[in-house]
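All remarks here apply to the structure that follows.
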Amino acid sequence: MTARAASNTELPWHESVWTPISRALAQQSVAHGILVCGATGVGKRRFAERLMAALLCIERQDNGDACGECARCRQRLAGTHPDISRLRPEEAGRQIKVDQVRAFGHSLHLTPQYDTGRLGWIEPAEQLSPSAANSLLKTLEEPPGGCHIILITDRVSALMATIRSRCQLWRVPSAEPASGRAWLMSQGVDASVGDDDLMRTPLAFLSRIEVGYDELVADWDRDLIRLLEVKANPVTVAERVAKQPPTLWADWLYRRAQTLLQASLTLADAAPTGDHQAALAAAARRLGAGVIEPWCRGVVRATRLQQTNADWRLVVESLLIDLSQRIASTANR
Ligand SMILES: [Zn+2]
């Protein structure tokens, strides 16, 4: 299994439903209409993405997973696969309209670019309006050859019985608390505070954490500005950061390094959005590319270490100390 395929969609508590799916894939007996259901936060979308990936790949792995590397997989990952049609509400929370279903049905009847056939994706299926659901029945009854339609829903009971009966139902199970907790920890999330019930729906837990993401980013931005202005102690900042989700911090820092680098290379005021970003850009221009550029290279190296066994606190600490020293050396010149 490639690391890429694994990290994108594979969740350990899905194995009990993935095993029969992989058998069906091997026997080419996956139904044309597939309804993926399960509680909110069990990872239905990831499961559906994994299935879609497998259906579109021509170099599947032994366990049925897509290879992640063939031309078709690369197109899918880049969001440019020509045979995928998606049907979603025009606005979040609204119903999917009958006109949308007609256009969707039409796109599925176009000649596919690849012999794996067209792939329709409907999400969330419970938001099909009654007339839209009726219109979809025809496509589900007589799908174009080789076409698969994946419907995803949190509330299978809200779907018309006629839609349900035309689809193969795959129920994504909740996680065992230990399995959910272990997976969250592997994502760099401190799941020690969540009770067992929360651990059954790990992706719901993850989104709760992500709700606090904006606050984290605001803190990180403030710290970074203070470091650039030599008003913060890098060791103290590193101590704080080391207790927070490494993936999120590394991802944020990588993006901020790009902002800093760009600003340090241009004298003109670019147009960064938000007060913090403007302050960061101003600091980067003041310090210049001579300080910023080598440090940004260090950022790239450090963010890579996040997926290794390296002591993360030390990685962060030495990266921030390095920044302070580079700034100090320009002040002393
Ligand atoms: Zn592939």
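Quick check: net charge around residue 16, other residues with Cβ under 11 Å of its Cβ, Lys/Arg +1 and Asp/Glu -1? Neighbourhood net charge equals -1. For the range 1-119, averaging the sequence separation of C-alpha pairs within contact (under 8 Å, six or more residues apart) and dividing by the residue count gives a relative contact order of 22 percent. Using the alpha carbons alone, the radius of gyration of the range 133-288 stands to its Kirkwood radius in an Rg to Rh ratio of 1.19.
Take every pair of alpha-carbon atoms less than 8 Å apart whose residues are at least six positions apart; their mean separation over the length of the chain yields a relative contact order of 17 percent. Ligands, DNA and RNA are left out, and with a 1.4 angstrom probe the accessible area of the range 224-269 is 54 Å² per residue.
Above 21 Å lies some portion of the pair distances; for the range 213-332, what is it as a whole percent of all C-alpha pairs? Within the range 213-332, distances greater than 21 Å cover 32 percent of Cα pairs. Note on the range 130-216: with neighbouring protein chains present and a 1.4 Å probe, carbon and sulfur make up 52 percent of its accessible heavy-atom surface.
Between residue 208 and residue 328, the contour length at 0.36 nm per residue exceeds the Cα-Cα span by 39.2 nm. Backbone phi angles across the range 73-87, fed through the Karplus curve with coefficients 6.51, -1.76 and 1.60 (θ = phi - 60°), yield HN-Hα couplings of 4, 5, 5, 4, 5, 7, x, 10, 5, x, 9, 9, 10, 10, 10 Hz in residue order; Gly and Pro are listed as x.
Taking each DSSP H run with n ≥ 4 as -39500 (n - 2.57) and averaging over every residue of the chain yields -17500 deg cm²/dmol at 222 nm. Once both labels are positioned 7 Å from their Cα atoms along Cα-to-Cβ, the gap between residue 70 and residue 255 label points is 3.4 nm. Projecting label points 7 angstrom from Cα along Cα→Cβ for residue 311 and residue 193 puts them 2.6 nm apart. Ordering 45, 155 by accessible surface, largest first, gives 155, 45; the 1.4 Å probe counts only protein heavy atoms, with every chain in place. Of interest is the spacing of the C-alpha centroids, which for the range 41-85 and the range 190-263 amounts to 30 Å.
Relative contact order for the range 213-332: 35 percent, from Cα pairs under 8 Å spaced at least 6 residues apart, divided by residue count. Residues whose amide H falls under 5 Å from that of residue 149, counting only those 5 or more places apart or on a different chain, are 33, 34, 120, with hydrogens built in the peptide plane. Accessible surface of residue 285, taken over heavy atoms with a 1.4 Å probe and every protein chain present, rounds to 60 Å².
The Rg/Rh ratio of the chain, with Rg taken over Cα atoms and Rh as the Kirkwood radius over Cα pairs, comes to 1.06.
The values are calculated or read from the model by the stated rules, or taken from the named source; none is laboratory data. Computed from a predicted model, the values in this text were never measured in an experiment. FYI the Cβ positions are ideal-geometry reconstructions off the backbone, even for glycines, and counts take in every protein chain you see. Just so you know, the surface numbers come from the protein's heavy atoms only, side chains and all, with ligands and any DNA or RNA stripped out. Shrake-Rupley method; radii C 1.70, N 1.55, O 1.52, S 1.80 Å.
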